[in-house]
1. FRET efficiency for Asn143 and Glu82, Cβ-Cβ distance as r, R0 = 25 Å, nearest 0.05?
2. If you take the beta carbon distance between Arg122 and Ser152 as r and set R0 to 25 Å, what does 1/(1 + (r/R0)^6) give as a FRET efficiency, to the nearest 0.05?
3. Classify the range 65-109: rounded, prolate or oblate, from the alpha-carbon gyration tensor (a ≥ b ≥ c, eigenvalue square roots; a/c under 1.5 rounded; otherwise prolate if a/b is larger than b/c)?
4. As an exercise, use a Förster radius of 25 Å and the Cβ-Cβ distance of Gln68 and Lys161 to find the FRET efficiency, rounded to the nearest 0.05.
5. Rank these for me by crowding, His65, His130, going from fewest to most other beta carbons within 10 Å.
Amino acid sequence: MILNNCFNQPRLLLGLLLAISAGAATATLGQSPSVSGAAAASSAVPAAKMQAVKPVAPSSLYTLHEVQLENGTSVREYATPEGIVFAVSWQGPVLPDLSALLGTYFNTFKLEAERVRAAGRRGGPVSMEHADLVMQSSGRMRNFFGHAYAPSLIPVGVKIKDVLQ
């Protein structure tokens, strides 16, 4: 487990806390993509703000969808052919709701963040490698970006570093 320089800057800590309670992002690790069939119709994000995106490189190994949140943040969700989101990435002026993005994996992030904070480190970029969650998040007000993925969900043949470039 690695969590580098987490919570050293009060501004990022405040941003992370606000992200936890911010508007809903619809991609969730380990669940179906938000922009597929019925999910798009029932999503809390207005249809006009959602758009499907073709895979970066034509591939039968995964699909890529992009959700434009009302706050201007773009969330990409990478899903297996079976329709399970194995990775998410974000970029925009506001951090997305990390608890919604990470789903059941949020608890791993929260526990690791608390461990690092108890060790006296606060703020700064998040760089976390755990057996069930890998996450990197950075930025400042009006310019946040990052990604998270569940190593056990990555389809065979997919090179995660190439996908998340």
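What follows draws every value from the coordinates through simple rules; no lab data is involved. The model shown is predicted, which means the values in this text are computed figures rather than measured ones. All Cβ positions, glycine included, derive from the backbone under ideal geometry; neighbour counts span all protein chains shown.
1. 0.15
2. Once the sixth-power term is evaluated, E becomes 0.25.
3. Taking the square roots of the gyration eigenvalues as a ≥ b ≥ c, the range 65-109 is oblate.
4. 0.50
5. His130, His65
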